[in-house]
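Visitor: Supplied in structure tokens, the structure appears directly below.
The values are calculated or read from the model by the stated rules, or taken from the named source; none is laboratory data. On a predicted model such as this, the values are computed, not experimentally measured, just so you know. Heads up, the Cβs are rebuilt from the backbone with ideal geometry, glycines too, and the neighbour counts pull from every protein chain shown. To get the accessible areas, we keep the full protein, side chains included, count just its heavy atoms, and leave off ligands, DNA and RNA. Shrake-Rupley method; radii C 1.70, N 1.55, O 1.52, S 1.80 Å.
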Amino acid sequence: MDPATALRRIAFLLEWNDASPYRVRAFHTAADAVRALPPGPVDAAQARRLPGVGPVTGEVIAQASAGAVPRYLARLETAAGPAARAGWDLAAAARGDCHLHSDWSDGGHPIEEMAEAARTLGHDWAVLTDHSPRLTIAHGLDPERLRRQLDAVAAHNAAARNVVAHDTAGHHAGDGPFRLLAGIECDILEDGSLDQEPELLDRLDVVVASVHSKLRADPEPMTARMLTAVRDPRTNVLGHCTGRIVTGRGRPPSRFDAAAVFTACAAAGTAVEINCRPERRDPPDELLRLAVEAGCLFAVDTDAHAPEQLHWFTSGYARAARFGLGPDRLVTTWPRERLLAWARPAAARRP
């Protein structure tokens, strides 16, 4: 077990046990830092010179780099039992992320940095989903800016293919080199329509549709709004379905007929997002159970606005494992070609 894997596995087990997000983040930060270490054994003092590495993570790095299972990891695994190991295996099957933001909307980092962070995690693909125009507070993309972003994503992928063509050692397992997919987090408007030109939505690889306004509407209009959106053939993923915030001052979940919405998602093949942001953890457990029973597909998404937030995916897989979900129902474990064939059949034939 290499040090980065040991650290991320500890982070997963801490999440499994509902540890503080700050404690979990410390192990992900250390896992990022070990990329700067040379191969071979490293002592704890040397490890602690890395940014973000403390006494506990330094010992984990030293023990793993010497070929041992770190003692801290072994204790957590013994306490967690086989169910947690199954959850880790599910997280290890992740192939991509359907929901991340760049500095084109309300993210804090360029497209290239977000793509590189996803690739470094071992993903085969990730979907860039900056906001649609109605969400002005998040600098949503109007049609012209979205067209420019489509060109930017194509240029990024072309450059990445050129690098791989000259460096076969960089070839990624699975579907080939990492690929950034073109997408959007599209506002669901009050009438259930999607906040972008249909012609542009048809050019995207994946469309995540989310409610961002009038979250406290009465259940009947909210249900009608969501039903219209999830039945739209251009919608692939229903994002953070309740809109709740569970940290700080918080925000209550929207009220809607969840059984009706999830039944419609299952019938339309629209995936329900398991949003991994610590302040969202959406849907709540009782709604996640309803969606599982309805037969829905799911997308375990980080909704990342910064590279380090892409690590949050493990918490979503921990939740998925607790509800008995396997890779066949988790579109974020699918190879890229299968994902595209589900989301946009024509997109699967693109070079």
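Visitor: Ignoring ligands, DNA and RNA, what accessible area per residue does the range 33-137 give at 1.4 Å, in Å²?
Guide: Roughly 45 Å² per residue, with all protein chains present.
Visitor: Once Rh for the range 246-351 is found with the Kirkwood sum over Cα pairs, what is the Stokes-Einstein diffusion coefficient at 20 °C and 1.002 mPa s, in µm²/s?
Guide: For the chosen part, D equals 145 µm²/s.
Visitor: So if I place +1 on the C-beta of Lys and Arg and -1 on the C-beta of Asp and Glu, and nothing else carries charge, what would the dipole magnitude of the range 30-126 be about its Cα centre? I want it in debye, nearest 20.
Guide: 540
Visitor: Using per-residue counts of other Cβ atoms within 10 Å, averaged over each peptide, order 179-188, 23-32 from highest down.
Guide: Packing proxy ranking, top to bottom: 179-188, 23-32.
Visitor: Sticking with this structure for a sec: Bin by bin, in steps of 5 Å, what percent of the Cα pairs in the range 39-84 do you find, going until the bin that has the longest distance?
Guide: P(r) for the range 39-84, in whole percents per bin: 5, 24, 25, 20, 13, 9, 4, 0.
Visitor: As a test of the definition: which semi-axes, in Å, follow for the chain when you take the square root of five times each eigenvalue of its alpha carbon gyration tensor? Largest first, please.
Guide: 34, 24, 18
Visitor: Would you please put 261-270, 50-59, 289-298, 75-84 in order of how densely packed they are, using the mean number of other Cβ atoms within 10 angstrom per residue and starting with the highest?
Guide: In descending order of packing, they fall as 261-270, 289-298, 50-59, 75-84.
Visitor: Ranked highest first by the average count of other Cβ atoms within 10 Å around their residues, in what order do 138-145, 245-252 fall?
Guide: Result, highest mean first: 138-145, 245-252.
Visitor: In the range 80-167, carbon and sulfur make up what percent of the accessible area (probe 1.4 Å)?
Guide: Roughly 55 percent, rounded to a whole number.
Visitor: Taking the chain as the reference, fit the longest principal axis to its C-alpha atoms, fit the long axis of helix 313-322 to the helix C-alpha atoms, and give the angle between the two in degrees, 0 to 90, nearest 10.
Guide: For helix 313-322, the angle is close to 80 degrees.
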